[in-house]
Amino acid sequence: MSRVKQLLKKTKRTLLTTLRPIAQEYLPPPRGFEPSRWGLKEEGGRLSLEGSSLEELVERWGSPLHVIDAQRLERNAASFLRPPAGRSRACEVFYSYKTNPIPAVLQRLHQLGVGAEVISPYELWLALQQGVPPERIIYNGPASSEAVLREAITRGLALINCNHREDVGRMGRVAEQCQKRPSIGIRVVTKGSWSSQFGIPIEGGAALRTYAEALGSPWLRVKAIHAHLGFAIRTYGQLESFVGEVLAFVDQLHTRLGLELEMLDLGGSLCIPTVQGHDPAEKRLSRALFRGFEPPDADAALSIEAYVAGVLELCEEHFRRRGRPMPRILLEPGRAMTGNTQMLLASVLNLNGTPGEGMRYAILDAGQNLAEAARYEYHQVFHVTRQGQPASQTYALAGPICSPGDVIFQAVRLPRLEVGDTLAIMDAGAYFVPFSNAFSYPRPAIVMVDGGRDVLVRRAETFEDMVMRDRMPGSKASSATG
Ligand SMILES: *Cc1c(COP(=O)(O)O)cnc(C)c1O
């Protein structure tokens, strides 16, 4: 290393060591959310959900533990399904399976009238296995093999969306082989959407050409448009510009190709109000100064009700003005449906570092193996038995994996921790369970709290489960292959 670089590095270190205590003392720590936002009750610092003490849940079922709030799940589903005040129609809702594919959750949603949005052969199998009628299933995804298309077409799904131009030809061929005419849509990309491997851009005319091609196939019923923004929608303005762009393209399809669509599938992407991706600048500041993240402005975020009302109003207004029939409106919520209906309880296994030297590490039994999302977005953390005590200490929350990357919270203010304490990581109902892995540790149990009862809906993975598919000649465990 050159001398200049050495000097710069040393200066930076000295500067940060000086700045950190000053920042800790003079910058007020960010104020997090209150437990009541999730319906959690606090008594003597102990948190409970519908009468179930979180501490006792962990004692009964083990740590780490996922806890599902069934009542909140029902409320979210009802908010999506209910026609907004003053409107006669509602949206049709298809839950994005990939977001939190826990059969007990899916079943509950289906009982309430929510359909399934699936993106893989496994998810399609799971939906059918759960008894979801094919006309309540949408098939999406960037990777549709002929085999899965054949399954989707023969079953007669509500809608199969083409993600690429090649999908159209492939779908037509498979449909002809099956002698069935599937209802299809085409996934288009708006200016603000994820593009990359997903969908066909409106801009430049590729989407229009793909529609023309699909309309030329005698085997395809072109009935829908599919658009999924990908980035979280937090404001009415974001919703309006996304829906507006889709509707403008729907007009183009009408004038250029004479196409009158029956279904408008607007995908997912509605935010969880209490979760927001970290701002890169704030992330750097947090790392430099050991400072926690500011919570997002949850009260300013679009609620489920406001989102549904907004979608219907924008669409009704659009078609009314043009004197054209209003298509069915399909939604595919993921995070907004289940995100805030689940929490991950994790316990402190070890503490490292000396108080006063800046950062203490609390090593939990859950890290990036179970809570990867907490590394890049805001998630509220509560101490389940000392809620309300002064958050006097800054901790980095690390996981149990032997990797320096396994820090899920860079800096979070909490009451002084002791080994054995339990923390609740909130909003764990979206992209926690499906992204979790068995890196060095088996995956945890999942319980559902419902009407004051807690029911185990997925038992914890065992060591035997982890080697179940392996052949281990000569070892006792090889009998586990049966
Ligand atoms: C992931 C996904 C969803 C759900 O997205 P959220 O942002 O979690 O609401 C819906 N539709 C499609 C096509 C998806 O890929």
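The values are calculated or read from the model by the stated rules, or taken from the named source; none is laboratory data. Fair warning: this is a prediction, and the values are worked out from it, not measured in the lab. When we count neighbours, we look across all protein chains shown, and the Cβ atoms used for this are built from the backbone with ideal geometry, even at glycine. Only protein heavy atoms, including side chains, enter the accessible area calculation; ligands, DNA and RNA are left aside. Shrake-Rupley method; radii C 1.70, N 1.55, O 1.52, S 1.80 Å.
Give me the percent of the accessible area of the chain that comes from carbon and sulfur atoms, probe 1.4 Å, all protein chains in place.
52
For Lys10, give me every one of the aspartates and glutamates with a C-alpha distance below 20 angstrom, ignoring sequence neighbours fewer than eight places off in its own chain.
By straight Cα distance, Lys10 reaches Glu357.
What percent do you get for the relative contact order of the chain when only Cα pairs under 8 Å and 6+ apart count?
RCO, the chain: 19 percent.
What figure, in Å² to the nearest 10, do you get for the accessible area of Trp125 with a 1.4 Å probe and non-protein molecules left out?
Near enough 130 Å² of accessible area.
To test your reading of the geometry: what angle, between 0 and 90 degrees and rounded to tens, separates the Cα axis of helix 206-215 from the longest principal axis of the chain?
It is inclined by approximately 50 degrees.
Could you report the stretch 70-338's accessible area per residue, 1.4 Å probe, as an integer in Å²?
41
Gln71 to Thr17: extension gain in nm, 0.36 nm per residue of separation minus the Cα-Cα distance?
Stretched fully, the Gln71-Thr17 segment lengthens by 14.7 nm.
Excluding ligands and nucleic acids, what accessible area in Å² is computed for Asp69 using a 1.4 Å probe, to the nearest 10?
10
Using a Förster distance of 30 Å, how high is the FRET efficiency between Glu135 and Phe231, based on the Cβ-Cβ distance and rounded to 0.05?
Approximately 0.50, to the nearest 0.05.
Over the heavy atoms of Lys180, what accessible area does a 1.4 Å probe trace out, to the nearest 10 Å²?
Lys180 exposes around 90 Å² with every protein chain in place.
Cross-link partners among lysines for Lys12, C-alpha distance below 18 Å, same-chain residues fewer than 8 apart left out?
Lys283
Compute the projected area of the convex hull of the Cα atoms of the chain, averaged over all viewing directions, and report it in nm² to one decimal place.
28.9
Please give the length that would be gained between Tyr376 and Asn350 if that part of the chain were fully extended, namely 0.36 nm times their separation in residues minus their C-alpha to C-alpha distance (nm, one decimal).
7.0 nm
As a test, work out the antiparallel percent of DSSP beta bridges whose residues both lie in the chain, rounded to the nearest 5.
Once the DSSP bridges in the chain are tallied, antiparallel ones form about 45 percent.
Under a cut-off of 28 Å between alpha-carbon atoms, report the lysines in cross-link reach of Lys41, not counting same-chain residues fewer than 8 places apart.
In chain and number order, there are no partners.
Please give the residues of the stretch 237-280, grouped as numeric ranges, whose backbone N is less than 14 Å from a label point set 7 Å along the Cα-to-Cβ vector of Leu27.
Correct set: 279-280.
If amide H atoms are built 1.01 Å from N in the plane of the peptide, which residues on other chains or at least 5 residues away come under 5 Å of the amide H of Gln342?
Close amide H contacts, sequence-distant or interchain: Asp69, Asp427, Ala428, Gly429.
Project the alpha carbons of the stretch 70-338 onto their principal axes and report the range along each, largest first, in whole Å.
Answer, in whole Å and largest first: 62, 44, 42 Å.
Considering only C-alpha atoms, what is the centroid distance from the stretch 402-473 to the stretch 170-243, in Å?
37
If you take the charge dipole of the stretch 70-338 about its Cα centre, with +1 on Lys and Arg Cβ and -1 on Asp and Glu Cβ, which of Val174, Ile304, Tyr95 is farthest toward its positive end?
Projecting each Cα onto the dipole axis, the largest value belongs to Val174.
May I ask you to rank Glu146, Glu245, Glu25, Glu377 by accessible area, largest first, using a 1.4 Å probe over the protein chains only?
Glu25, Glu146, Glu245, Glu377
Let's see if you can work this out: charge +1 on each Lys and Arg Cβ, -1 on each Asp and Glu Cβ, no other charges. What is the dipole magnitude of the stretch 70-338 about its Cα centre, in debye to the nearest 20?
I would put it at about 260 debye.
Could you size up the charge dipole of the chain around its Cα centre, putting +1 on the beta carbon of Lys and Arg and -1 on that of Asp and Glu, and report it in debye to the nearest 20?
Value, rounded to 20: 1140 debye.
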